[in-house]
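Okay, so here's the structure we're looking at.
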Amino acid sequence: MTSDTATTLTVGALSAGPGTKVRGSVRAELGTLTTDVPVALINGSRPGPRVVITAGVRGGEFTGIDALHRLAGRLDPEQVRGQVLLCLVANPPAVYNGRLGTSPLDGININRVFPGDPEGSPTERLAAWLFENNIEGADAFVDLHAGRIDEFLQNFVGYRLTGDPEVDAKAATMANAIGYDDVILGLNADGGNSHAAAARRGIPAILVETGQLGERDPQAAADLAAALLRVLDLLNGEHIEPRPVTEWVWAGFVASEAIGLWYPDFTPGTDVTEGQVIGRVVDPANVREHEVRSTATGRVFYGMRGLTVLPGTDLAAIAAPR
């Protein structure tokens, strides 16, 4: 993210002066390709932090996109303190064309390659553009996700521990302000997720997972927009009464070992034990069944709801109480 002065909020050719709000598309160069990324810039009339919120990082995850569209309409620059950058659809090729977790441009899941590579594949270049033009330099970052069209999910908030007490404490208060019962901690900031890459740069960052199966849920979107307003209030120094949460850490992931039809025996929120049969994959050609067992003891927070799977398809993610 760049700025013409200390008070002008600029992304690409789009700028918002103090006390103004601007919506539009910014062109990202992806080598031989380009894509237009819709953003909203809200530059408050009073000083405060620079907050970045992204949605639509992957396709088929609609709740966050809807919530951010609603939030952009609600924010009044005369009432906003600081600067708010809303990246309304961060990954247009995946959202509009692919509608799944990987991009149709190159088959890459963008949320595994942050902070990206400006000389890499189209998706790696987009990750680099998003990080440089949106996330870099933020005082706080929120990334919105959901259960995709083929994925069921129990709402949760996540953040990565960095070892920096100030960064970790701020991320914890942001996570609490969302208002969900469950907070899943990454024990380090390794990996290619956008919020992990931000945390490695010293930016307090949280991941918010809301909704499942690619559903359009107006109430869930409205509730999420209200939760994001609480986070903005918190970052501007307003007291948000902390609420009790359960903290978890990722304990195990289950992947398919066979091609076939997937029949899960769990739903999000199901408690499982290591070695427990949690479903089966059936080969439609010979009706051979492959038992699928839990790799850990804990609670399933998201999993595959789609019928057809390949070897290596993610079937379940399990967290254990911290």
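The values are calculated or read from the model by the stated rules, or taken from the named source; none is laboratory data. Source: prediction; values computed, not measured. Every residue, glycine as well, gets a Cβ built from its backbone with ideal geometry; the counts of neighbours run over all protein chains shown. Note: accessible area is taken over every heavy atom of the protein model, side chains too, but ligands, DNA and RNA are not part of it. Shrake-Rupley method; radii C 1.70, N 1.55, O 1.52, S 1.80 Å.
May I ask you to work out the translational diffusion coefficient for the stretch 205-322 at 37 °C, viscosity 0.692 mPa s, via Stokes-Einstein with Rh from the Kirkwood sum over Cα pairs, reported in whole µm²/s?
It comes out at roughly 198 µm²/s.
Per residue of the stretch 82-90, what does 6.51 cos²θ - 1.76 cosθ + 1.60 with θ = phi - 60° give for ³J(HN,Hα)? Whole Hz please, x for Gly and Pro, Karplus curve as stated.
Going residue by residue, I get x, 10, 10, 10, 10, 8, 6, 9, 6 Hz, with x marking Gly and Pro.
Looking at the stretch 231-296 from every direction and averaging, what is the projected area of its Cα convex hull in nm²?
Across all orientations, the stretch 231-296 yields a mean hull projection of 6.9 nm².
Ignoring ligands, DNA and RNA, how do Ile259, Ile65 rank by accessible area with a 1.4 Å probe, largest first?
Working: Ile259 100, Ile65 35 Å².
I get Ile259, Ile65, largest accessible area first.
Of Gly59, Gly98, Gly147, which is the most mobile in a GNM of the chain whose springs link Cα atoms less than 10 angstrom apart?
Highest fluctuation of the listed residues: Gly98.
Identify which of Gly137, Gly202, Gly107 has the largest mean-square fluctuation in a Gaussian network model of the chain, with springs joining Cα atoms closer than 10 Å.
Its mean-square fluctuation being the largest, the pick is Gly107.
Based on the mean of other beta carbon atoms within 10 Å per residue, what is the order of 86-94, 307-315, most packed first?
The peptides rank, most packed first, as 86-94, 307-315.
Once the piece of chain linking Asn188 and Ala285 is laid out straight, how much longer is it, given 0.36 nm per residue of separation minus the C-alpha distance between them?
Values: separation 97, 0.36 × 97 = 34.92 nm, distance 4.35 nm.
Length gained, Asn188 through Ala285: 30.6 nm.
For the stretch 305-322 and the stretch 180-194, what is the separation of their C-alpha centers, rounded to whole Å?
A separation of 17 Å, based on Cα centres.
D for the stretch 1-79, whole µm²/s, Stokes-Einstein with Kirkwood Rh over alpha-carbon pairs at 37 °C and 0.692 mPa s: what number?
Details: Rh = 13.7 Å.
It diffuses with D of about 239 µm²/s by this estimate.
Treating the Cα atoms of the stretch 39-106 as identical point scatterers in vacuum, please give the log10 of the normalised Debye intensity I(q)/I(0) at q = 0.15 Å⁻¹, two decimals.
Calculated log10 I(q)/I(0) at the listed q: -0.51.
Please report, in whole Å³, the volume per residue of the convex hull around the C-alpha atoms of the stretch 139-212. It would help to have the intermediate numbers written out before the result.
Details: hull volume 6.1 nm³, N = 74.
Residue-normalised Cα hull volume stands at 82 Å³.
Once you compute Rg and the Kirkwood Rh from C-alpha atoms, what is the Rg to Rh ratio for the stretch 158-200? Intermediate values should be presented prior to the final figure.
Working: Rg = 9.9 Å, Rh = 10.5 Å.
Looking at the stretch 158-200, the ratio lands at 0.95.
Compute the Kirkwood hydrodynamic radius of the chain, taking the inverse of the mean of 1/r over all pairs of distinct Cα atoms, and give it in Å to one decimal. Each step should come with its number before you reach the end.
On the way: mean 1/r = 0.0497 Å⁻¹.
After inverting the pairwise mean of 1/r, the radius is 20.1 Å.
Springs between alpha-carbon atoms under 10 Å, Gaussian network over the chain: tell me which of Gly24, Gly64, Gly214 tops the mean-square fluctuations.
Judging by the Gaussian network model, the answer is Gly24.
What is the diffusion coefficient of the stretch 61-178 in µm²/s, taking the Kirkwood radius over Cα pairs and the Stokes-Einstein relation at 4 °C with a viscosity of 1.567 mPa s?
Details: Rh = 16.1 Å.
Using the Kirkwood radius from Cα pairs, D works out to 81 µm²/s.
Please give the helix 63-74 orientation as an angle from the longest Cα principal axis of the chain, in degrees from 0 to 90, rounded to the nearest 10.
Relative to the chain, helix 63-74 is tipped by roughly 20 degrees.
By the scheme Lys and Arg +1, Asp and Glu -1, what is the net charge of all other residues having a beta-carbon under 12 Å from that of Ser45? Can you show the working numbers first?
Numbers: positive: Lys21, Arg46, Arg81; negative: Asp76, Glu78.
Here the count lands on +1.
For the ranges 179-190, 236-247, what's the packing order if you count other beta-carbon atoms within 10 Å of each residue, average per peptide, and put the highest first?
Values: 179-190: 17.2, 236-247: 11.2.
Highest mean packing first, the order is 179-190, 236-247.
Can you work out the Karplus-derived ³J(HN,Hα) for every residue in the stretch 266-283? Use 6.51 cos²θ - 1.76 cosθ + 1.60 with θ = phi - 60°, whole Hz, and x for glycine or proline.
Each residue's phi maps through the Karplus curve to give 9, 10, x, x, 6, 8, 10, 10, 4, x, 5, 6, 10, x, 8, 10, 10, 6 Hz.
Let me have the 222 nm mean residue ellipticity of the chain computed from DSSP H runs of 4+ only, each contributing -39500 (n - 2.57), with the sum over all residues rounded to the nearest 500. Don't skip to the end; give the middle numbers.
Values: 5 runs with 60 residues, N = 322.
Calculated from helices alone, the mean residue ellipticity at 222 nm is -6000 deg cm²/dmol.
With no solvent and one equal point scatterer per Cα, compute the Debye intensity ratio I(q)/I(0) for the stretch 180-261 at 0.13, 0.14, 0.17 Å⁻¹ and report its log10, rounded to two decimals.
-0.63, -0.73, -1.02
Counting only protein chains, not ligands or nucleic acids, how are Glu209, Glu291 ordered by accessible area (probe 1.4 Å), most first? Before the final figure, lay out each step's value.
Values: Glu209 20, Glu291 115 Å².
Of Glu209, Glu291, the descending order of accessible area is Glu291, Glu209.
Roughly how tilted is helix 218-235, in degrees to the nearest 10 and between 0 and 90, from the longest Cα axis of the chain?
So the inclination is approximately 50 degrees.
Tell me the Kirkwood hydrodynamic radius of the stretch 141-290 in angstroms, computed as one over the mean inverse distance between distinct C-alpha pairs.
Working: mean 1/r = 0.0578 Å⁻¹.
In the stretch 141-290 this quantity evaluates to 17.3 Å.
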